[in-house]
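Q: Provided herewith is a single structure, encoded as structure tokens, for subsequent inquiry.
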């Protein structure tokens, strides 16, 4: 089940989708992983790039959507669809507001804090995925449409064919705990870069085999 029974208009309605099997990175792409990518490809450094003073196991931030897509392609992966992201964030549970239950829990999510944490510093969800809520917002592959849930396909939804904004999911370290639910959608133009935006990658199950 995707979406919410109550919430912002673009979270409604709650609806069923069916997805082909996929694998998701257990944590957000790190500074160290992105550093390897830059060395091998010669691509320019992203905004907010301070590997000399930061930790290599922090999620990389300041990545626009196109840069995230380029990294994912280099890694033999892709960005998740919004439906894949929400399915993974739920961790196999149904009906919870958060990946771990219905109340905020600092043991699972870096929210309302003073900055980014190293990946996998907190508890994982039911699928063994870390920081699905908190730390940094994560780019998805979909274009944003406020009313997409009302008209999108029920099987492997990919989002609209075009748009102005790309979807982000998962909230970041500077967001308020009680607002940071699984179903909340965020959007930015694909060229935007921010100190609170990163990403993680997925692979289709058939692709990995």
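Bear in mind these aren't lab numbers, they're just calculated from the coordinates by the rules spelled out. Please read all numbers here as calculations on a predicted model, not as lab measurements. Every residue, glycine among them, receives a Cβ derived from its backbone with ideal geometry; neighbour counts consider all protein chains shown.
Q: With runs of 4+ DSSP H residues as the only contributors, calculate the mean residue ellipticity of the chain at 222 nm using -39,500 (n - 2.57) per run, divided by the residue total and rounded to the nearest 500.
A: Mean residue ellipticity, 222 nm, calculated: -5000 deg cm²/dmol.
Q: Return the FRET efficiency for the residue pair residue 162, residue 41: r is the Cβ-Cβ distance, R0 is 30 Å, and the value is rounded to the nearest 0.05.
A: Given R0 = 30 Å and the Cβ-Cβ separation, E is 0.60.
Q: Using only Cα atoms, locate the centre of the range 166-209 and the centre of the range 44-60, then give the distance between them in Å, rounded to an integer.
A: 18
Q: Using only the alpha carbons, work out the radius of gyration and Dmax of the range 39-91 in angstrom.
A: Values for the range 39-91 (Cα only, Rg and Dmax): 13.3, 37 Å.
Q: Taking 0.36 nm per residue of separation and subtracting the Cα-Cα distance, what length does fully extending residue 192 through residue 113 add?
A: Here the segment from residue 192 to residue 113 would lengthen by 26.1 nm.
Q: Based on other C-beta atoms within 10 Å, arrange 48, 199, 98, 22 from fewest to most.
A: On the way: 48 16, 199 28, 98 24, 22 19.
Listing 48, 199, 98, 22 from fewest to most nearby Cβ atoms yields 48, 22, 98, 199.
Q: So for the pair residue 150, residue 93, with labels modelled 7 Å out along Cα→Cβ, what separation do we get in nm?
A: 3.1
Q: Let me ask something else. Kindly work out what percent of the DSSP beta bridges joining two residues of the chain are antiparallel, to the nearest 5.
A: Details: 13 of 17 bridges.
The answer is about 75 percent antiparallel.
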